[in-house]
Amino acid sequence: MWANIQARSHKEKTREFTMKVSHILRVKNAGSPSTLFTITPEHSLSDAMKLLELNDIGSLVVMSQGLVSGMLTFREVISAIVKNDGVVGSSTVLAAMDKSPLMLTSEMELDEVRRMMLTHHARYMPVVDAQVLMGVISFYDVAKTIVDSQNFENQMLKAYIRDWPAEESAA
């Protein structure tokens, strides 16, 4: 029974400190207002490529009638061009986009997001709550959050060791 209480206690503590997508979005948007770049399926692939390059971004959320209908990243753009013998031509976003992208909610845990990104080789994932686009999380955002968290934990551990009581360290 004691082990059960300890396990439950540890599980509850772990849940308190579990990083969620909402945290990543908050940190990502903290310094400056973040712009969500979207495009419609009817736009030309050429227009989408210009938007990606002009704004130095790696993805566009494809929106149709106010809802997320797909994602367009450099991966889909390159694939569409290769399929068209190296020519953009009159291709549309609809023809190139990922029509069923993996989507996140702001309440999803970071560990689940990491697994999804690694398993499906996803570099960009839209965050949608109640059919409303909240943001986009990139592989970079996840990696930065993990590194920042580890750096903070490392600093806290070093401070704890530095401030270790003298009588305990002598024993």
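Counting only residues at least eight positions apart within a chain, or on another chain, the lysines with an alpha carbon under 18 Å from that of Lys20 are Lys11, Lys28, Lys144.
Compute, for region 87-171, the length of the dipole vector about the Cα centre, with Cβ point charges of +1 (Lys, Arg) and -1 (Asp, Glu) only. Units Debye, rounded to 20. I would put it at about 520 debye. All distinct Cα pairs of region 74-171 go into the 1/r average, and the inverse of that average, the Kirkwood radius, is 17.2 Å.
A 1.4 Å probe over all protein chains sorts Asp85, Asp141 by accessible area into Asp85, Asp141, starting with the largest.
Want the number for Gln131 to Met19: 0.36 nm per residue separation, take away the alpha-carbon distance, what's left?
The Gln131-Met19 span can extend by a further 38.1 nm.
When you filter the trypsin sites (Lys or Arg not before Pro) in region 38-117 for DSSP loop state and at most 14 other Cβ atoms inside 10 Å of their Cβ, you are left with Lys99. Classification of region 83-131 by its C-alpha gyration tensor yields an oblate form. The axis ratio a/c (a ≥ b ≥ c) is 1.5 or more, and b/c is at least a/b. Split the accessible area of region 39-98 by element, probe 1.4 Å, and carbon with sulfur accounts for 56%. Derived scalar couplings between HN and Hα for region 63-80 equal 10, 9, 6, x, 10, 5, 10, x, 10, 10, 10, 4, 4, 5, 4, 4, 4, 5 Hz in order, rounded to whole Hz, by the Karplus curve 6.51 cos²θ - 1.76 cosθ + 1.60 (θ = phi - 60°), x for Gly and Pro. Label sites at Ser34 and Arg162, each approximated as a point 7 angstrom past Cα along Cα to Cβ, lie 3.2 nm apart. On a per residue basis, region 43-165 carries 62 Å² of accessible surface, using protein heavy atoms and a 1.4 Å probe.
The values are calculated or read from the model by the stated rules, or taken from the named source; none is laboratory data. Quantities reported herein were computed from a predicted structural model and do not represent experimental measurements. Reconstructed Cβ throughout: ideal geometry from the backbone, glycine too, with neighbour counts over all protein chains shown. Just so you know, the surface numbers come from the protein's heavy atoms only, side chains and all, with ligands and any DNA or RNA stripped out. Shrake-Rupley method; radii C 1.70, N 1.55, O 1.52, S 1.80 Å.
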